[in-house]
Amino acid sequence: MSEDHAHIQEFFTARAADWDSKFPDDGPAYAAAVAGLGLRSGDRVLDAGCGTGRALPALRAAVGASGVVVGVDLTPAMLRAAVRAGRHRDGWLLLADVAALPLRPESFDAVFAAGLISHLPRPAENLRELRRVVRPGGILALFHPVGRAALAARQGRQLTPDDLRAEPTLRPLLASAGWRMTSYTDEDARFLAMAVRLD
């Protein structure tokens with residue numbers, strides 16, 4: 001395991017047990033972000049970095065019983081918390097690294113990634129891996145239930161122009177990984193960048 005992976009697992013393992021209770025009001029923001037994906041019944045969707053699976057119920061509702069929902073996370077404790085919350089009933093849970101997904105190419109219609117981008121050790125490379133598993137024309141949603149400024153204030157840090165989620169940084173990063181940004185929202189209540197996979 002790389003040092004990056006060990007650090008990420010350590011960070012989230014320590015927080016997994018009370019993660020949901022720390023953010024009890026995020027449900028509507030997750031539901032709205034999932035609705036923005038435009039998923040249809042029967043679609044296949046990947047929740048990359050699913051954590052405790054907070055998006056899984058909304059994703060399942062969007063794709064229906066005939067759809068496929070897969071949640072992937074690097075931290076076993078987060079997946080155990082998802083099971084304790086009963087969210088494993090809404091999708092398959094898979095312990096895996098988004099940098100090397102054990103999934104077939106072009107096997108999903110969309111990828112939902114909540115809070116993931118700031119934890120990627122090699123963002124361009126990792127976004128290319130997410131592109132690999134999505135069909136041409138498929139959708140990527142990079143989401144956070146708190147906007148950039150509100151999150152920086154919560155964490156006691158300054159918001160800097162080179163922030164990975166800043167539009168002038170994120171747009172070319174996505175393009176370099178084979179995605180075209182189609183929308184960008186950064187408000188106190190949520191961050192959501194949508195992109196489409198280029199052929």
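Annotations
- Only a single item in (1) in contact with a strand residue (DSSP E or B) (Cβ under 9 Å, 6 or more places away or on another chain); (2) more than 14 Å from E187 (Cα to Cα) is not met by G156, and it is number (1).
- Residues that are crowded, with 18+ Cβ neighbours inside 10 Å and among the aromatic types (F, W, Y) within region 183-199 comprise just one, F191.
- Every test in (1) assigned to a helix (DSSP H, G or I); (2) without any contact (Cβ under 8 Å) to a residue 40 or more places away in the chain is passed by L151 save one, and that test is (2).
- Residue list for region 112-125, filter: hydrophobic (A, V, I, L, M, F, W, C) and either outside any helix (DSSP H, G or I) or buried (at least 16 other Cβ atoms within 10 Å of the Cβ) (or both): F112, A113, A114, L116, I117, L120
- Residue that is crowded, with 18+ Cβ neighbours inside 10 Å, in contact (Cβ under 8 Å) with a residue 24 or more places away in the chain, not basic (K, R) and not in a strand (DSSP E or B), where the choices are L140, L170: L170
- L103 being surrounded by 22 or more Cβ atoms within 10 Å (Cβ to Cβ), outside any strand (DSSP E or B) and in contact with a helix residue (DSSP H, G or I) (Cβ under 9 Å, 6 or more places away or on another chain): no
- Unique match (being small (G, A, S), out of contact with any Pro (no Cβ under 9 Å at 6 or more places or on another chain), touching a residue at least 12 places away in the same chain (Cβ under 8 Å) and over 24 Å from S21 (Cβ atoms)) among A110, A48, A85: A110
Residues are listed down the side, and each one gets a yes or a no for (1) open to solvent by 50 Å² or more (accessible area, probe 1.4 Å); (2) farther than 20 Å from V34 by Cα; (3) more than 16 Å from the chain's Cα centre (by Cα); (4) of a type outside the set (K, R):
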| residue | (1), (2), (3), (4) |
| --- | --- |
| A65 | yes, no, yes, yes |
| V69 | no, no, no, yes |
| L74 | no, yes, no, yes |
| R84 | yes, yes, yes, no |
| W92 | yes, no, no, yes |
| L95 | yes, yes, no, yes |
| A99 | no, yes, no, yes |
| A110 | no, no, no, yes |
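- Considering R148, R180, R135, the condition of being buried (at least 16 other Cβ atoms within 10 Å of the Cβ), among the basic types (K, R) and touching a strand residue (DSSP E or B) at 6+ places or on another chain (Cβ under 9 Å) is satisfied by R148 alone.
- Criterion (under 21 Å from C50 (Cβ atoms), charged (D, E, K, R) and open to solvent by less than 20 Å² (accessible area, probe 1.4 Å)) met by exactly one of R128, R165: R165
- Subset of region 107-122 [in contact with a helix residue (DSSP H, G or I) (Cβ under 8 Å, 6 or more places away or on another chain) and at pLDDT 95 or above]: V111, F112, A113, A114
- Number of residues in region 33-60 that are buried (at least 21 other Cβ atoms within 10 Å of the Cβ), part of a loop (DSSP other than H, G, I, E, B) and out of contact with any Phe, Trp or Tyr (no Cβ under 8 Å at 6 or more places or on another chain) equals 5.
The values are calculated or read from the model by the stated rules, or taken from the named source; none is laboratory data. None of these values were measured; they are calculated from a predicted model. In this analysis, Cβ positions are derived from the backbone assuming ideal geometry, glycine residues included, and neighbour counts consider all displayed protein chains. For accessibility, only protein heavy atoms count, side chains too; no ligands or nucleic acids. Shrake-Rupley method; radii C 1.70, N 1.55, O 1.52, S 1.80 Å.
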